[in-house]
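Read through the structure below, which is laid out as structure tokens, and then see the notes.
The values are calculated or read from the model by the stated rules, or taken from the named source; none is laboratory data. If you're wondering where the values come from, they're calculated on a predicted model, not measured in any experiment. Glycine also receives a Cβ, built like all others from the backbone with ideal geometry; neighbour counts cover every protein chain displayed. Protein only, heavy atoms only, side chains kept; ligands, DNA and RNA dropped before computing areas. Shrake-Rupley method; radii C 1.70, N 1.55, O 1.52, S 1.80 Å.
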Amino acid sequence: MAVKASVTRKGAVLLGKYVACDGFHETRPLRVVTHAHADHLIGLRQSLKHCERVLMTPATKDLIDVMRGPLFLMMGNVETLTYNQPFRYGDEEITFHFANHILGAAQVLVEDNEGTRILYTGDFKLRGTPTVEADVLVIEATYGCPSRTRPFDASVENVLVSLVEQGLREGTVYVFGYHGKIQEVMQILRKAKIKVPFVAPEKVFHVSKVCEKHGMRLGTILLSTEDEGRKLLKNNSPCVAFYHMGSRHKVGQDSFRVCVSGWEFRSVCRRIGDKEYVVALSDHSDFEDLLEYVRRCRPKEVITDNYRVGDAVALAREIWRRLKIPAKAVP
Ligand SMILES: [Zn+2]
């Protein structure tokens, strides 16, 4: 079979003849953005300048508008594509399928003129992500090593809720995470009937508003830069303050603190300081989930993404060893 998919040294996932996902490639007229995380926006400025079309879901567009400013995407010819709505280009068809990761995340299926189905999963968590069957599969490999297995996935949300409840008895609880996951935590807490106000700095606030626009229910969120929110934080009143992981060393030093991270495998919750905890909330598949996806997808060949952080080499080896499907880590 001719090479129908690849991953370049600059992080572009090439599918079929026309599409480059999550990276720039000079010969590809179509750029796809699978979701709004930074390691999937590589070369986007170049793509906006040089590609005929830049495709993404409406929610991903809204998130990028918030994170990069509304003018950024206006540099190029952006077209939004909803899930399951085919887009024809030349003799190929491109379709987005839902991926349970952050708001707007998509798997990308290209069907070429020979009927070959070429799929890139993008980032995804197995639970809630529909399997798309394909001949050629490019899969993320964040937790591609056999030791990256989480035996406790289902209990994480409950642990998170009780930890926050415990902290609220003492006052403000600070939660640190990445964009998208922060809003997932907000939703988990609201579903558990935690009704205290949420406080957030500007960017987190606006990302949350996009999430609400696309159907998430997050309740009252106050800006940390405005009076009401600022007062709550200053008085250590019961509220939950949400900050990006990057602010971890700058705010809430003496308060009750919870970091949500996928890079935790031994326990659901680990104490790392006097009043600081890490909770293993992940928006990626663990090793077993990645294998399970490959099993269900039933591809003839697999490429594991070896550009982004992860264990693509180990994953490719295990796919061959355990499923007997040819797999290689690229690049
Ligand atoms: Zn991601």
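Odds and ends about this structure:
- DSSP bridge orientation in the range 153-279 - percent antiparallel, rounded to nearest 5: 20
- Computed from backbone phi with θ = phi - 60° and the Karplus coefficients 6.51, -1.76 and 1.60, the 3J(HN,Hα) list for the range 131-137 is 7, 10, 6, 8, 7, 10, 10 Hz; x is used for glycine and proline.
- Within the range 249-267: backbone nitrogen closer than 16 Å to the Arg169 label point (7 Å, Cα to C-beta): 256-257
- Antiparallel bridge percentage (DSSP; both residues within the chain; nearest 5): 40
- Accessible area (Å², per residue) of the chain, counting only protein heavy atoms and a probe of 1.4 Å: 43
- Whole-angstrom gap from the range 96-130 to the range 49-91, using each part's C-alpha centre: 16
- Debye-sum result for the range 153-279 in log10 I(q)/I(0), which assumes one identical scatterer on each alpha carbon, at q = 0.15 Å⁻¹: -0.62
- Accessible-area ranking of Arg295, Arg9, largest first, probe 1.4 Å: Arg9, Arg295
- Between Arg45 and Asp91, full extension at 0.36 nm per residue minus the direct alpha carbon distance yields a gain of 13.9 nm.
- Computed from backbone phi with θ = phi - 60° and the Karplus coefficients 6.51, -1.76 and 1.60, the 3J(HN,Hα) list for the range 116-122 is 6, 9, 10, 10, 10, 6, x Hz; x is used for glycine and proline.
- Listed pairs Lys4/Lys328; Lys61/Lys300; Lys49/Lys181; Lys17/Lys328; Lys191/Lys234; Lys203/Lys234 exceeding 23 Å between Cα atoms: Lys61/Lys300; Lys49/Lys181; Lys191/Lys234
- Table column - 3J(HN,Hα) (Hz), the range 165-178, Karplus curve with 6.51, -1.76, 1.60, x for Gly and Pro: 4, 4, x, 5, 5, 9, x, 5, 10, 9, 10, 10, x, 9
- Computed P(r) (all Cα pairs; the chain; 20 Å bins; percent): 31, 54, 14, 0
- Within the chain, helix-based [θ] at 222 nm, where runs of 4 or more DSSP H residues each add -39,500 (n - 2.57), nearest 500: -7000 deg cm²/dmol
- For the range 79-184, the list of GluC sites (Glu not before Pro) that fall in a loop by DSSP and count at most 15 other C-beta atoms within 10 angstrom reads Glu114, Glu133, Glu170.
- Its convex hull of Cα atoms gives the range 57-207 a direction-averaged projected area, equal to a quarter of the hull surface, of 11.8 nm².
- In the elastic network of the chain, a GNM with C-alpha springs shorter than 10 Å, the most mobile of Val13, Val164, Val302 is Val164.
- Candidates Ser261, Ser162, Ser224, ranked by Gaussian network fluctuation over the chain, Cα under 10 Å, top entry: Ser162
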